[in-house]
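I have placed the structure first, in the form of structure tokens, so that the comments after it can refer back to it.
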Amino acid sequence: MFITSKVIAALMGASMVNAHMIMSNPTPYSKDSLNNSPLAADGSDFPCKLRDNPFEAPSTETVIAIGESHPLTFIGSATHGGGSCQISLTTDLKPSKSSEWKVIKSFEGGCPANVDGNMSGGPDVVDPYSFNFTIPDGISAGKYTLAWTWFNRIGNREMYMNCAPITVSGGSSKRSPEELERRAASFPPMFVANVNGCTTPESVDIRFPQPGDIIEYDGEPTNLAKEGSEACTGTATFGGSGNTASGSSSSGSDSDSGSDSGSSSSGS
């Protein structure tokens, strides 16, 4: 009976590992070797889940025009009560710990799903919750690495990160060159935690210290961390520039709650 219990526990554990979330659109780098587990707690595979040949481009290029809305979709069922996510860009096509990431959108709550725990199904279940993001003015046309990062609300304190190559094409803008230059300098750094000595609190959807100008709220208001509360505690050994409110561009931000600039639906 003891052996049977251990086997059952192991199988359940394996099921949970295999059912975590993975970004399906945009198509990630080296999709065939990308597993859906969180980043290593010691940060050894940060960023982008480093592994053998981690930056192989997909066969189909993802091209997004400036000002164009693009879907953000996921596969998997272990949503850990949702949480908070960010979409960030770097010009590095093979990112490293020293890469500079610019946040273009933050989801505070309900990402990648607005659920109490985990959804039913396995690793190949399509997440019924839909999201999107827009390449904003201030981002120049060219090639980038896009990162989706997720901090789960329930369970072990983890950071998930998938990366995808994208090409940004030019779009029309009514902003002056001076405005675009100021806009480019205003994008905040990506928040990093749970892999660098700074740990997020459990049971809340964290508020990012520097969420940027575009914030979407898709979770339950009662789950959202109180304003002014710390997003993580501890001394960050790397990636700490996005963990403080210094230079935050969130004041006067354009925020929404499931609006058409980035809606979330239950798929019901």
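Of note:
- Just one residue in the set Ser169, Ser203 is in contact (Cβ under 8 Å) with a residue 24 or more places away in the chain, within 25 Å of Ala40 (Cβ to Cβ), out of contact with any helix residue (DSSP H, G or I) (no Cβ under 7 Å at 6 or more places or on another chain) and of a type in the set (Ser, Thr, Tyr); that residue is Ser203.
- Asp42 vs. criteria exposed (fewer than 15 other Cβ atoms within 10 Å of the Cβ), part of a loop (DSSP other than H, G, I, E, B), out of contact with any strand residue (DSSP E or B) (no Cβ under 9 Å at 6 or more places or on another chain) and not polar (S, T, N, Q): yes
- Failed condition for Asp32, given (1) free of Cβ contacts under 8 Å to residues at least 40 places away in the same chain; (2) assigned to a loop (DSSP other than H, G, I, E, B): (2)
- Whenever a residue of segment 183-200 is closer than 12 Å to Phe238 by Cα, its partners that are among the basic types (Lys, Arg), lying with C-beta atoms within less than 9 angstrom and at least six residues away or across chains, give the pairs Met190/Lys102; Ala193/Arg157; Asn194/Arg157.
- Of all positions in segment 124-134, none carries a residue that is among the small types (Gly, Ala, Ser) and either touching an Asp or Glu at 6+ places or on another chain (Cβ under 9 Å) or modelled with pLDDT of 95 or more (or both).
- Of the residues making up segment 201-232, those that are assigned to a loop (DSSP other than H, G, I, E, B) and hydrophobic (A, V, I, L, M, F, W, C) are Val204, Ile206, Phe208, Ala225, Ala231, Cys232.
- Taking segment 52-82 as the range and being closer than 20 Å to Val192 by Cβ and either touching a helix residue (DSSP H, G or I) at 6+ places or on another chain (Cβ under 9 Å) or not in a strand (DSSP E or B) (or both) as the test, the residues that pass are Pro54, Phe55, His80, Gly82.
- Of all residues in segment 154-170, at least one satisfies being more than 29 Å from Ser37 (Cα to Cα) and outside any strand (DSSP E or B).
- Extreme residue, nearest to Gly83 (Cα to Cα), among residues of segment 140-157 that are surrounded by fewer than 20 Cβ atoms within 10 Å (Cβ to Cβ) and not small (Gly, Ala, Ser): Ile154
- Against the numbered list (1) out of contact with any strand residue (DSSP E or B) (no Cβ under 8 Å at 6 or more places or on another chain); (2) surrounded by 22 or more Cβ atoms within 10 Å (Cβ to Cβ), Thr237 comes up short only at (2).
- Scanning segment 43-75 for residues that are at pLDDT 95 or above, among the aromatic types (Phe, Trp, Tyr) and under 18 Å from Ile87 (Cβ atoms) yields one hit, Phe46.
- Members of segment 83-98 found to be part of a loop (DSSP other than H, G, I, E, B), surrounded by fewer than 21 Cβ atoms within 10 Å (Cβ to Cβ) and not basic (Lys, Arg), listed by number: Thr91, Asp92, Leu93, Ser96, Ser98
- Against the test of being within 23 Å of Cys48 (Cβ to Cβ), buried (at least 22 other Cβ atoms within 10 Å of the Cβ), under 17 Å from the mean Cα position of the chain (by Cα) and not hydroxyl-bearing (Ser, Thr, Tyr), the options Pro189, Pro165, Pro211 yield a single qualifying residue, Pro211.
The values are calculated or read from the model by the stated rules, or taken from the named source; none is laboratory data. Nothing here was measured: the structure is a model prediction, and the numbers come from that model. Backbone-built Cβ (ideal geometry, glycine too); neighbour counts: all protein chains shown.
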